[in-house]
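Enquirer: The structure that follows is given in the form of structure tokens.
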Amino acid sequence: MRHARFGRKLNRDTNARHALLVNLTSSLFVNGAVNTTLAKAKFARSHVEKLVTEAKKNSLSSNRLLASKLSSQAFKNLLKQAKELYENRTSGFTRIIKMGSRRGDNAPMARIELLDWKEGITENTENKKKAQRIKKKQKASVSSATTKNQRKSATNRRKSKNEKH
């Protein structure tokens with residue numbers, strides 16, 4: 001029997017459970033909120049709370065620990081926002097909102113979100129990505145235009161050589 005056993009299994013083996021936890025927390029720190037099942041939201045809450053508490057310390061060892069457990073974008077967002085947003089708060093960084101049941105299997109759904117999380121950082125990164133894409137397109141069009149000009153000048157040189165002979 002499973003009396004007094006800590007944690008949830010979620011019908012997954014250890015590696016799958018760990019991957020689920022890492023992906024949920026990374027998505028939460030990137031987007032500020034995640035829609036998932038109620039069981040998964042409750043499972044991720046304690047882990048997220050511990051990571052935010054660790055980020056508030058802002059020491060080298062805590063940063064290394066966070067970097068090993070999160071994606072790079074989530075790590076950057078957490079370090080930028082955790083210290084200033086949760087400076088006066090000791091716990092309770094997340095909120096779970098029940099959303100009803102899923103249509104296909106009637107699983108209870110919930111939204112887990114970080115309190116007072118600013119989504120401007122992710123919007124900034126999206127704007128930067130858009131700007132990078134535009135620059136790449138401009139470079140590609142400039143390079144294609146220069147290659148067209150080079151081809152035209154090469155054909156003009158060939159024509160002028162043929163006319164001389």
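Enquirer: Scan the stretch 73-98 for residues that are of a type in the set (Val, Ile, Thr) and exposed (fewer than 14 other Cβ atoms within 10 Å of the Cβ) and jot them down.
Expert: 90, 97
Enquirer: What number of residues in the stretch 90-107 are of a type in the set (Lys, Arg) and in a strand (DSSP E or B)?
Expert: 2
Enquirer: Quick one: is residue 29 assigned by TED's automatic domain parsing to the domain that holds residue 55 and not in a loop (DSSP other than H, G, I, E, B)?
Expert: yes
Enquirer: Kindly indicate which of 38, 24, 70, 66 is surrounded by 13 or more Cβ atoms within 10 Å (Cβ to Cβ) and touching a Pro at 6+ places or on another chain (Cβ under 7 Å).
Expert: Answer to the check: 38.
Enquirer: What number goes with the only condition from (1) surrounded by 10 or more Cβ atoms within 10 Å (Cβ to Cβ); (2) of a type outside the set (Lys, Arg); (3) at pLDDT 70 or above that residue 106 does not pass?
Expert: (1)
Enquirer: Can you tell me which residue among 51, 21 is touching a His at 6+ places or on another chain (Cβ under 7 Å), at negative phi and outside any strand (DSSP E or B)?
Expert: The conditions single out 21.
Enquirer: Okay, moving on. Can you pull out every residue in the stretch 16-59 that is within 15 Å of residue 75 (Cβ to Cβ) and of a type in the set (Phe, Trp, Tyr)?
Expert: Listed by number, the list holds a single entry, 29.
Enquirer: Considering only residues that are among the acidic types (Asp, Glu) and touching a residue at least 24 places away in the same chain (Cβ under 8 Å), look in the stretch 45-91 and name the one that is nearest to residue 27 (Cα to Cα).
Expert: Among them, the one singled out is 49.
The values are calculated or read from the model by the stated rules, or taken from the named source; none is laboratory data. The structure displayed is predicted, hence computed values, not measured ones. Every residue, glycine among them, receives a Cβ derived from its backbone with ideal geometry; neighbour counts consider all protein chains shown.
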